[in-house]
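Report on the structure given below.
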Amino acid sequence: MGSHRDAIVDQFTKQAWLFQATHRSAESAIEHAIRVSGVGADDIVLDVACGPGVLTCVFARVAAHVTGIDITPTMLEHARALQASSGVTNIDWQMGDVYHLPFEDGRFSMAITRYSFHHFERPRDVLKEMVRVCRPPGCDLM
């Protein structure tokens, strides 16, 4: 039997096109996330488990820079395609494990995620990593 990680990669590889195809139906929720987050032109944002980059690309319209990290290569392919069609250039994509984020402490001014925590085996560990790589006040929990 495969690991939880293998199951996540397998399922999200199969579903990547669906996430990409349905992102327009969530635009009002995403715009609300922008307003609630208080993201600004000086922010350096990390989008954890970014999937096809929907939230990442919208935050990049406002923030100085956004990094999207996901464990599924196909999701990151879709994210790069969305970035290209969105015309935003201030994004980096990284494949990686959200339980051990490959960034130094305090690198980001804000860490975000959307529709991801219910997929994590250890959500508390992911949250701790998000807080670790984020400097105050962006690491404040709402």
> Does any residue in the stretch 40-66 that is under 22 Å from Val131 (Cβ atoms) and free of Cβ contacts under 8 Å to residues at least 40 places away in the same chain come within less than 7 Å, Cβ to Cβ, of a residue that is open to solvent by less than 10 Å² (accessible area, probe 1.4 Å) and of a type outside the set (A, V, I, L, M, F, W, C) six or more places away or on a different chain, and which pairs are these?
Replying inline: Thr56/Asp47; Thr56/Gly68; Val66/Asp47; Val66/Thr56
> Gln83 passes all but one of (1) in contact with a strand residue (DSSP E or B) (Cβ under 6 Å, 6 or more places away or on another chain); (2) within 18 Å of Pro137 (Cβ to Cβ); which number fails?
Replying inline: (2)
> In the list Arg107, Arg114, which residue meets the criterion of being under 13 Å from the mean Cα position of the chain (by Cα) and among the basic types (Lys, Arg)?
Replying inline: Arg114
> Taking the stated definitions as given, is Ala41 at pLDDT 95 or above and either touching a Lys or Arg at 6+ places or on another chain (Cβ under 7 Å) or open to solvent by 20 Å² or more (accessible area, probe 1.4 Å) (or both)?
Replying inline: yes
>> Going residue by residue through the stretch 6-19, is there one that turns out to be modelled with pLDDT of 90 or more and surrounded by 12 or more Cβ atoms within 10 Å (Cβ to Cβ)?
In response: no
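The values are calculated or read from the model by the stated rules, or taken from the named source; none is laboratory data. Note that this is a predicted model, so its numbers are computed, not measured. All Cβ positions, glycine included, derive from the backbone under ideal geometry; neighbour counts span all protein chains shown. Heavy atoms of the whole protein, side chains included, go into the accessibility calculation; ligands, DNA and RNA do not. Shrake-Rupley method; radii C 1.70, N 1.55, O 1.52, S 1.80 Å.
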